[in-house]
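What follows is a single structure, written as structure tokens, with notes after it.
The values are calculated or read from the model by the stated rules, or taken from the named source; none is laboratory data. All values reported here derive from a predicted model rather than from experimental measurement. For neighbour counting, all protein chains shown are included, and Cβ atoms are generated from backbone atoms with ideal geometry for every residue, glycine included. Keep in mind that these areas ignore ligands, DNA and RNA; they rest on the heavy atoms of the full protein, side chains included. Shrake-Rupley method; radii C 1.70, N 1.55, O 1.52, S 1.80 Å.
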Amino acid sequence: MKRLEGKVCVVTGGGLGIGAATCLRLAEEGARVAVTDLDVDAGGKSRDAIISNQGEADFWFLDVTSQNGVSEAFEGIRERWGRIDVLVNNAGIAGVNTPPDEVRAEEWQEVMNVNVNGVFYCTKHVVPHMRASGGGSIVNLSSIYGIVGAPDLPAYHASKGAVREMTKTDALFFAKDGIRVNSVHPGFIWTPLVEKLARDSGEGVEAFRKTLDERHPIGHVGEPEDIAAGIAYLASDDAKFVTGSELVIDGGYTSQ
Ligand code: NAP
């Protein structure tokens, strides 16, 4: 028996990077996967990859900053498959890399809107569906930068701290409904988000990657599949006694 047989899983930002790897892994574990993203091409490719791998999936356009859009997409998924058991709040952006006193208010708001408000809207609108299914699992993508600081990306780090704390509060509120809520804290994972940081660094992509590799005691950055494996565990009943917890997958980064 696969661990997610019979479950319906929704992944935000499921078109690329960690989200795409997670969609594939959840489907391999037997779930029906609602791939959602605002990038229609990437989301469609992610769905197609699952189907060519003999999995079950469909794509819904979803911008997590639109509360109405979130609510409508979740209604559509429930109508299609009858239930929602798992939500992976994965969509996120890095925002500007300038010191806090140079970040413009609109730049700050943009990051909070996707990384914090998006998690709020998706959680708010998935809970009624999970209650109707008798419970569920919500997995929130925080970061090592929800745990420790760094002198870059100030809005991003603040947003990931918020996600870490929202996770614990939501875990306490929804425990009585059988809904578990946990956060995942990746170290640097080589995805389009990090590749863009590398291109923008002015250091050169290879040099940037080497510097990142050296910052992880294990000797290298992670792969999207490393995070997908942790998310699949939290989504599954193997984690039935796990809520409000922080799963750190960071090659030792935060142990230093
Ligand atoms: P990614 O490669 O940029 O993929 C993120 C996906 O989310 C993209 O498909 C993106 O679409 C989508 N997205 C962006 N804004 C959205 C919105 N408003 N609504 C719906 N989808 C949206 O990112 P990633 O590196 O896989 O990161 C995934 C999550 O893990 C993020 O929350 C990130 O903060 C977290 N994380 C990543 C790392 C890392 O090192 N990669 C480390 C710690 C935590 P577009 O391409 O169209 O923008």
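Each principal axis of the range 43-190 carries a Cα extent, and these read 48, 38, 28 Å when sorted largest first.
The residues packed around Gly187, meaning those with a beta-carbon under 12 Å from its beta-carbon, carry a net charge of -3 if Lys and Arg are +1 and Asp and Glu are -1.
Taking amide H positions as modeled 1.01 Å from N, with prolines and chain starts lacking one, the residues under 5 Å from Gly244 and 5 or more places away or on another chain are Val181, Asn182. For the chain, modelled as a Gaussian network with Cα springs under 10 Å, which listed residue fluctuates most, Val119, Val221, Val64? Result: Val221 has the largest fluctuation of those listed.
So, for the range 1-72, what is the accessible surface per residue at a probe of 1.4 Å, expressed in square angstrom?
On the way: 3130 Å² over 72 residues.
On a per-residue basis, 44 Å².
Protection proxy ranking of 30-39, 139-148, by the mean of other Cβ atoms within 10 Å over each peptide's residues and highest first, is 30-39, 139-148. Taking amide hydrogens as placed 1.01 Å from N in the peptide plane, the amide H of Gly136 sits under 5 Å from those of Ile179, Arg180, each at least 5 positions away in sequence or on another chain. Taking the Kirkwood radius as Rh and the Cα radius of gyration as Rg, the range 1-116 has a ratio of Rg/Rh equal to 1.05.
At a 1.4 Å probe, what is the % contribution of carbon and sulfur to the accessible area of the range 125-210?
About 59 percent, which is the carbon plus sulfur part of the accessible surface.
Taking Cβ atoms as reference points and 15 Å as the exclusive limit, the residues near Ala27 contribute a net charge of -1, counting Lys and Arg as +1 and Asp and Glu as -1. Using only alpha carbons, the chain has a radius of gyration to Kirkwood radius ratio (Rg to Rh) of 0.95. Solvent-accessible area per residue in the range 118-256 equals 44 Å², computed with a 1.4 angstrom probe and all protein chains kept. In terms of its Cα atoms, the range 47-111 spans 49, 28, 18 Å along the principal axes, sorted from long to short. Strictly over 26 Å apart at the Cα level, which of Lys45/Lys176; Lys45/Lys160; Lys7/Lys176; Lys45/Lys196; Lys168/Lys210 would you flag in this model? With Cα atoms farther than 26 Å apart: Lys45/Lys176; Lys45/Lys160; Lys168/Lys210.
Ignoring any ligand, DNA or RNA, what whole percent of the accessible area of the range 1-107 comes from carbon and sulfur when the probe is 1.4 angstrom?
Reported share for carbon and sulfur atoms: 46 percent.
Summary of packing: across the peptides 128-135, 224-231, the per-residue average of other C-beta atoms within 10 Å ranks them, highest first, as 224-231, 128-135.
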